[in-house]
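In what follows, a structure is listed as structure tokens, so that the remarks can point back to it.
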Amino acid sequence: MRRTLTGGLAALALLALPAFADTAAEPGEAWTPTTFNLDNGMQVVVIPDHRAPVVTHMVWYKVGAVDEAPGKSGIAHLFEHVMFQETDDLAPGDFDKIVSRNGGQSNAFTSWDYTAYYERVAKDQLGVMMGLEAERMTDLVINDDPEGPFISERDVVKEERRQRIDNNPGVILREQVLSKLWAGHPYEITVIGKMEEVAALTPEDGLAFYHEYYSPENAILVVAGDVTEDEVRALAEEHYGPKQPTGTAHGERKWQSVPLLAETETLTYSDPKVRQPQWSRYYSGVSQIRSPREALALDVGLEVLGGGMTSRLYQSLVEGQQLAIDVGSYAWTDLHDEGPAVITASPVPGVSMDDLETAVMAEVEKVLEEGFTESEVIRARNSLAASAIYARDSQTTLANVFGSTLAIGGTIGDVLAYPDEMKSITPEEAIAAVRTVFGADRHYIEAHLLPAAEEDASE
């Protein structure tokens, strides 16, 4: 099956992309987006990119795992699968066949905050893609046939969970950690859902979810490629314009601020499939939507601390003391609500978890005490800005970044302002953000991933 970015864990590959832009673009620059709304409330964003006669067409629905009703975990992700099945005018499998026959590529992904569907095709096939997406926006077939689209895809999702989560020791442990970190918050359950709750989802649940959230006023169309605003407007009005709002897409999301961890815990998971032990600490972090300046400062600070082979942690633990084969730090700042800030390391053979932890945290404490140099911060923020600049070479990334930002309540202006905001972060702000998140008064969840035969030296 496709649907590569699913389950809430692999979806972070998308969330990890930097907020895109290098400078606030001048009018006339090729990638400068324009936006308008159809009469039915659907927002349309057009990002011209005339380097090749191809387009990326994406539809973002403002619904994700955060919006699921209690006991219905996994329905947002399951629905992503069902959307590729049968409609009033499309037989099962026709959607994929039509895209492929026209030389295109298609996929979809579900996150806590949104669900997105995309196709990349030659420019002259854009209208065909809009017709396909408009068809399944309102005319999906959901029934109680055991071989039908809902029940058969429910079985597919159950198998996906077995393969991607239940058979992966590192993902199992991370799921346990995030459940603790987000306890009581709608993010608490992995996007793919709990096995028993997914198994209990009914076609009636699917119909209710579809009617509530899949409506033009709850969707964002993003088209990046060899197009003009006028071309996209004409096609969007033709294909999406006739779709009437359901009136049930109320826009009330279940987002809420994530409280700080109230206690420190250690979670250990051992499995014969583990070949390389891993030590991690998860702290309560921040989000760019809720605390934009602090989130940017934290990203810069963690880049200096553990963002690569030139970072403080890597130079000390891997190159200098040779206690770790890898070490790093990062934060999930691109969710709507607060995600974790993480320090992680893998020991060289013969180094215990206790010794590794002591060495890592000694270096962290040294950094917290001494602070960062101006040159380190300049290098880090320039690196993050450069990554954003390189990202615009990908048409799909353009559509991803604008779509994901808008879907969680951000604006096009937020995206355009990113590079200047990033470049303005000072050494004082960067170290202050890291000191706050990793401060001595902050609780954390420590995670130890171990081979089954190895005992945790800290216990």
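The values are calculated or read from the model by the stated rules, or taken from the named source; none is laboratory data. Because the structure is predicted, anything quoted here is derived from the model rather than measured. Counting neighbours? That spans all protein chains shown, and the Cβs are built from the backbone with ideal geometry, glycine included.
A few points about this structure:
- The lone exception for D299 - which of (1) part of a loop (DSSP other than H, G, I, E, B); (2) in contact with a Leu (Cβ under 7 Å, 6 or more places away or on another chain); (3) under 24 Å from S375 (Cα atoms) it fails: (1)
- Within region 302-337, the set of residues being among the hydrophobic types (A, V, I, L, M, F, W, C), part of a loop (DSSP other than H, G, I, E, B) and within 22 Å of A447 (Cβ to Cβ) comprises L323, W332, L335.
- The numbered conditions (1) in contact with a His (Cβ under 7 Å, 6 or more places away or on another chain); (2) buried (at least 18 other Cβ atoms within 10 Å of the Cβ) are all true for G131 except (2).
- Taken across region 384-401, residues that are closer than 21 Å to D337 by Cβ and in contact (Cβ under 8 Å) with a residue 60 or more places away in the chain do occur, with at least one present.
- If you go through region 338-360 and keep only what is assigned to a helix (DSSP H, G or I) and in contact (Cβ under 8 Å) with a residue 12 or more places away in the chain, you end up with M353, D354, D355, L356, E357, A359, V360.
- Among the residues examined, T228 does not qualify as within 27 Å of I75 (Cα to Cα) and outside the structural domain of S404 (by TED's automatic domain parsing).
- Residue pairs meeting the criteria (Cβ under 8 Å; at least 6 apart or on separate chains; first not assigned by TED's automatic domain parsing to the domain that holds P216 and of a type outside the set (A, V, I, L, M), in region 135-162; second surrounded by fewer than 18 Cβ atoms within 10 Å (Cβ to Cβ) and in a helix (DSSP H, G or I)): none
- Flag if R162 is of a type in the set (K, R), modelled with pLDDT of 95 or more and buried (at least 17 other Cβ atoms within 10 Å of the Cβ): no
- Any hit, region 367-382, residues being aliphatic (A, V, I, L, M) and within 21 Å of the chain's Cα centre (by Cα): no
- Residue check for L78: surrounded by 23 or more Cβ atoms within 10 Å (Cβ to Cβ) and hydrophobic (A, V, I, L, M, F, W, C): yes
- For region 204-225, the count of residues that are surrounded by 22 or more Cβ atoms within 10 Å (Cβ to Cβ), more than 23 Å from the chain's Cα centre (by Cα), aliphatic (A, V, I, L, M) and closer than 24 Å to G409 by Cα is zero.
- Any hit, region 229-247, residues being touching a residue at least 12 places away in the same chain (Cβ under 8 Å), under 23 Å from the mean Cα position of the chain (by Cα) and crowded, with 20+ Cβ neighbours inside 10 Å: no
- For R392, the conditions (1) in contact with a Leu (Cβ under 7 Å, 6 or more places away or on another chain); (2) over 29 Å from G371 (Cβ atoms); (3) buried (at least 22 other Cβ atoms within 10 Å of the Cβ) all hold with the exception of (3).
- Some residue of region 120-131 being of a type outside the set (S, T, N, Q) and under 26 Å from L201 (Cα atoms): no
- Pair list, Cβ under 9 Å, 6 or more apart: region 32-49 residue farther than 14 Å from D226 by Cα, other residue among the hydrophobic types (A, V, I, L, M, F, W, C) and in a loop (DSSP other than H, G, I, E, B): G41/A249; V44/L38
- Residue within region 367-374 that is part of a loop (DSSP other than H, G, I, E, B), assigned by TED's automatic domain parsing to the domain that holds G307 and farther than 19 Å from T310 by Cα present: no
- Answer residue from region 97-115, given it is closer than 21 Å to E160 by Cα and touching a strand residue (DSSP E or B) at 6+ places or on another chain (Cβ under 7 Å) and is surrounded by the fewest Cβ atoms within 10 Å (Cβ to Cβ) among those: N107
- Scanning region 231-263 for residues that are in the same structural domain as K180 (by TED's automatic domain parsing) and among the β-branched types (V, I, T) yields a single hit, V232.
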